[in-house]
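FYI, it's all coordinate maths here, none of it is from the lab. Not measured: the values here are computed from a predicted model. Cβ placement follows ideal geometry from the backbone for every residue including glycine, while neighbour counts extend to all protein chains displayed.
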Amino acid sequence: MSFSKKISKEEIQNLPLFSYNGLIVSVDNKHQFEDAFKKMNAESIIGIDSETKPTFVKGQYHHTALIQLATADCVYLIKPQKTGFPDLLVDLLENKNIMKVGIAIAQDLTDMRKFKPFKEQSMCDLNNICTKLGFENIGAKNLSAIFLGHRISKSQQTSNWENDPLTLPQMLYASTDAWICREIMLKLQAHNYPI
């Protein structure tokens, strides 16, 4: 099976709507961090994404409000304003043995470094990889449609990510964005695309 190198908006609209429906864990304290990162360190591939409260005024800046990390059976949601930026998270980002897969992840990483410096290892950006492979449409919505055969909603994208607690639609949206990154990388690997 090979994947189409391009997809139209109409084709995407005809696909079934999907959101992640597995286990979601909000990581709010040191004990939860230790448990979560112990499980993540046993993984070989993790999906990664982040969310920031949108700005509507020029020059306004908001820190990263949420970091999502997807494993084979769970998505962990971390709110740095609440928990800080733990050394365990730095260790994970710098671990060269665990592939971290995101979409347009460069700005996310730049914003995360404002909490604490780190030098990420084994970070893969699906937009860059798929562009090099000749795919004409990139981004979460397009790549999810091409590789996973479903449409994802972006309706929560500009919601207030500093909400505490997050709404259920926000949690599902955020988890879906991280989960699809891992799933798309698995598809690329399974079909022997050069990564």
Which whole-number percent gives the relative contact order of the stretch 1-98, counting Cα pairs below 8 Å spaced six or more residues apart? 29 percent
Return the percentage of antiparallel bridges among DSSP beta bridges fully within the stretch 9-190, rounded to the nearest 5 %. 45 percent
Check the straight Cα-Cα distances from residue 58 and name the lysines below 29 Å, setting aside those fewer than 8 residues away within the same chain. 79, 82, 114, 116, 141, 154
Counting every C-alpha pair in the stretch 9-190, the percent lying more than 21 Å apart is 47 percent
Using amide H atoms built 1.01 Å from N in the peptide plane, name the residues 5+ places from residue 49, or on other chains, whose amide H lies under 5 Å from its own. 68
Looking at the stretch 1-108, which chymotrypsin sites (Phe, Trp or Tyr not before Pro) are DSSP coil and have at most 11 other C-beta atoms within 10 Å of their C-beta? 56, 61
Given the options 182, 113, 151, which has the most mean-square fluctuation in a GNM of the chain, springs set between C-alpha atoms less than 10 angstrom apart? 113
Top mean-square fluctuation among 65, 178, 106, Gaussian network model of the chain, C-alpha springs under 10 Å? 106
